[in-house]
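S.K.: Here it is: the structure, laid out below.
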Amino acid sequence: MYRKTSRLSVTELLKGVGYGVAAGCAFVLLVSVGMSLPKRGQTAVRPDADNGGIKLAKGFGALAVTEGVGKARHMVVAPNGDILVKLSRLESNGGIALLQDTNGDGKTDKTSYFGNYVGTGIEVGGGYLYASSDSSVYRYKLNANGSVNPDAKPETIVTGLEFYREHGSKSLALDGKGNLYVNFGAPSNACQERNRVKGSKGMDPCPILEWHGGIWRFSASKPNQTQKDGVRYATGIRNVVGMDWNAQVGQLFAMQHGRDNLNNWGGMFTDSVSAELPAEEFLLVRQGSDFGWPYCYYDQSQKKKMLAPEYGGDGKVVGDGKMPTRCTDKDQPIMAFPGHWAPNDLLFYTGKQFPERYRNGAFICFHGSWNRAPMKQAGYFVAFVPFKNGKPVGDYEVFAEGFAGGPETTNPADAKHRPMGLAQGADGSLYISDSVKGKVWRVMYTTQPAR
């Protein structure tokens, strides 16, 4: 929640009318039409005629805040309405893009860069901006305007983390109680003796799980912590890029990237089966959770955890002679999606601009597949999952699509855009980032069908 949402009181919003109308006054005065209040002599912030080139659910419109700031990852909206985007490649020697709208038209007219490190995670909470590289977590004190000074020196919160390329991104979440959650993806596909090699057996027990393949919890305010200073909050997770704290129920949720290469093992694991399996899992993460990686994977058609082929599985069994219940005693997902869609961000919507049914529901960015051959590549859209009392109710819905361009994406390198990050503004607008060029969309409820 704290990465995605910036909340201001009505009093604070009214105080900010002279500076940040677009950041908050829409919620106070014009929420009925989902538009931002203009400055004197200006028109209201409205969707682009083509919704920035994407297709949205009925009643919503979008405008392109910027056409591109670099290879974007996650992002946040600061309390004053500034947008901060984490980058996977340096731009102008900076790994964080600061997007500012100085004239209140909803478009970025000033972009600056700071932070000489790349990475994925970025959060706002407790008066600070948190940002991660693949080996450290930093924080910046928010200034009096509710944003960040680009020349400010950050404080190091977590340091000395092992750098590795496979699943090395450090996604972040804050719980508003002084805790910081950090993903430690596994530098492996299935903990094989030889990674991704046909016939190579899985290491048993998997030594990677001691320091990877899970989520660690740290103090959000203590400087210079190492991984040993943190607590392993949950394990058995191959990799998480999207995670968020659900304040309504006080729980951490995450989207797991399922494993690859089931077809390396033949038998029932044909190319077509391996394209659909295993599921991308929606996880409710409690302290002590174990979701079974690398020993198990989730089969969404059978609706259960199955024993991985590296450990003797054949697509039918859940355990072996030594551990017959090896996969039945693992934590189960609360929802499952087809394989390889790459869920790269998760946001629980807490605003009041969108209709009531969206409140406390989950938005998920599916970055898009690369290895679903011979099936069609899939993903490349933003989904919405309705929730009630912290649980999904009903199936997912396609909320925003058309990012990749064209009717079908055969090669992810050809995708025009790939949805990557999500953020919520103070007025309840939803922001979506793109990893190809760093385009950012602002989605608003218009009470009229989207064009």
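S.K.: Can you sort 197, 45, 85 so the residue with the fewest Cβ neighbours within 10 Å comes first?
M.R.: Ascending Cβ contact count within 10 Å gives the list 197, 45, 85.
S.K.: If you don't mind, another one. Over what distance in Å are the Cα centres of the stretch 94-156 and the stretch 203-240 separated?
M.R.: Using only Cα atoms, the two centres lie 25 Å from each other.
S.K.: Let me ask something additional. What net charge do the residues around residue 240 carry, taking every other residue with its C-beta under 13 Å from that of residue 240, with Lys and Arg at +1 and Asp and Glu at -1?
M.R.: -2
S.K.: In the stretch 10-445, if the dipole is taken from +1 on Lys/Arg beta carbons and -1 on Asp/Glu beta carbons about the Cα centre, which of 361, 220, 381 is farthest to the positive end?
M.R.: Of 361, 220, 381, it is 220.
S.K.: Quick one: check the C-alpha center-to-center distance for the stretch 341-388 versus the stretch 400-451, whole angstrom.
M.R.: About 11 Å separates the Cα centre of the stretch 341-388 from the one of the stretch 400-451.
S.K.: Between residue 221 and residue 352, what length comes free when the chain is fully extended (0.36 nm per residue of separation minus the Cα-Cα distance, one decimal in nm)?
M.R.: That works out to 44.1 nm of additional length.
S.K.: Any idea what the dipole of the stretch 10-445 comes to, in debye rounded to 20, about its Cα centre with Lys/Arg Cβ at +1 and Asp/Glu Cβ at -1?
M.R.: 380 debye
S.K.: Work through the residues other than residue 255 whose Cβ is under 11 Å from its Cβ and net out their charges, Lys, Arg +1 and Asp, Glu -1.
M.R.: -4
S.K.: Taking other Cβ within 10 Å of each residue's Cβ, how do 167, 212 sort, fewest first?
M.R.: 167, 212
S.K.: Follow-up. Consider just the alpha-carbon atoms of the chain and return their Rg together with their Dmax, both in angstrom.
M.R.: 21.5, 76
S.K.: Something else about it: Let me check against my output: what whole-number percent is the relative contact order of the stretch 342-451, with C-alpha pairs under 8 Å and at least 6 apart?
M.R.: Reported as a whole number, the value is 23 percent.
S.K.: Run the numbers on the chain and let me know its relative contact order in percent, using alpha-carbon pairs under 8 Å that are six or more apart.
M.R.: This gives 18 percent for the chain.
S.K.: Roughly what would the spin-label model give for residue 317 and residue 373, points 7 Å off Cα along C-beta, in nm?
M.R.: A separation of 3.2 nm, rounded to one decimal place.
S.K.: So, one more: Restrict the search to the stretch 382-415; then list the GluC sites (Glu not before Pro) that DSSP places in a loop and that have at most 13 other Cβ atoms within 10 Å of their Cβ.
M.R.: Loop-located and lightly packed - 408.
S.K.: Farthest toward the dipole's positive end in the stretch 10-445, which of 235, 181, 163, given Cβ charges of +1 (Lys, Arg) and -1 (Asp, Glu) about the Cα centre?
M.R.: Farthest along the dipole direction, towards plus: 181.
S.K.: Please rank 376, 228, fewest neighbouring Cβ atoms within 10 Å first, as an exposure proxy.
M.R.: The order, fewest Cβ neighbours first, is 228, 376.
S.K.: Between residue 153 and residue 89, take the C-beta separation as r, use R0 = 22 Å, and let me know the FRET efficiency to the nearest 0.05.
M.R.: 0.45
S.K.: With a point put 7 Å past each Cα toward its Cβ, work out how far residue 413 is from residue 109 in nm, to one decimal.
M.R.: 4.0 nm
S.K.: Please work out whether the stretch 268-338 counts as rounded, prolate or oblate from its C-alpha gyration tensor, where a ≥ b ≥ c are the square roots of the eigenvalues and a/c under 1.5 means rounded, while otherwise a/b larger than b/c means prolate and anything else oblate?
M.R.: In terms of gyration-tensor shape, oblate.
Quick note: the coordinates plus some simple rules give every number you see, no bench work behind them. Owing to the predicted nature of the structure, the values given are computational and were not obtained by experimental measurement. Note: ideal-geometry Cβ built from the backbone for every residue, glycine included; neighbour counts use all protein chains shown.
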